[in-house]
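This report concerns only the one structure given below.
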Amino acid sequence: MEKNYEKVWRNCLLIIKDNLVGDNGETLFKTWFEPIRPVQLEGDTLTIQVPSPFFYEGLGEDYIDLVNY
């Protein structure tokens with residue numbers, strides 16, 4: 001059975017993917033967003049888990065506006 005936070009994250013991924021434009025949008029999506037896992041949903045805050053501190057920094061530097069959308 002799918003948990004609510006998984007459904008919310010799946011919907012977020014659809015929006016993120018739609019916002020990554022250009023020839024390398026699919027590659028960026030696979031590199032930066034597919035490895036992310038949802039952990040919990042509390043109110044309107046979704047907590048996600050990233051693979052490493054490097055990943056966290058890169059995501060924050062380049063995609064923070066998209067993730068906070």
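The values are calculated or read from the model by the stated rules, or taken from the named source; none is laboratory data. These numbers come from a predicted model, not from an experiment. In this analysis, Cβ positions are derived from the backbone assuming ideal geometry, glycine residues included, and neighbour counts consider all displayed protein chains. With ligands, DNA and RNA removed, areas are computed over all heavy atoms of the protein, side chains included. Shrake-Rupley method; radii C 1.70, N 1.55, O 1.52, S 1.80 Å.
For the reader, a short list of remarks on this structure follows.
- Given (1) under 24 Å from Lys3 (Cα atoms); (2) under 14 Å from the mean Cα position of the chain (by Cα), index of the condition Asp44 fails: (2)
- Cβ-Cβ contacts under 6 Å between residues 6 or more apart (or on different chains), taken from a first residue in region 1-17 that is farther than 13 Å from Ile48 by Cα and open to solvent by less than 80 Å² (accessible area, probe 1.4 Å) to a second residue that is outside any helix (DSSP H, G or I) and among the aromatic types (Phe, Trp, Tyr), are listed as Ile16/Phe33.
To keep it simple, each residue is scored yes or no on (1) of a type in the set (A, V, I, L, M); (2) open to solvent by 80 Å² or more (accessible area, probe 1.4 Å).
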residue: Gly25; (1), (2): no, no
residue: Leu28; (1), (2): yes, no
residue: Arg37; (1), (2): no, yes
residue: Gln49; (1), (2): no, yes
residue: Phe54; (1), (2): no, yes
residue: Tyr63; (1), (2): no, no
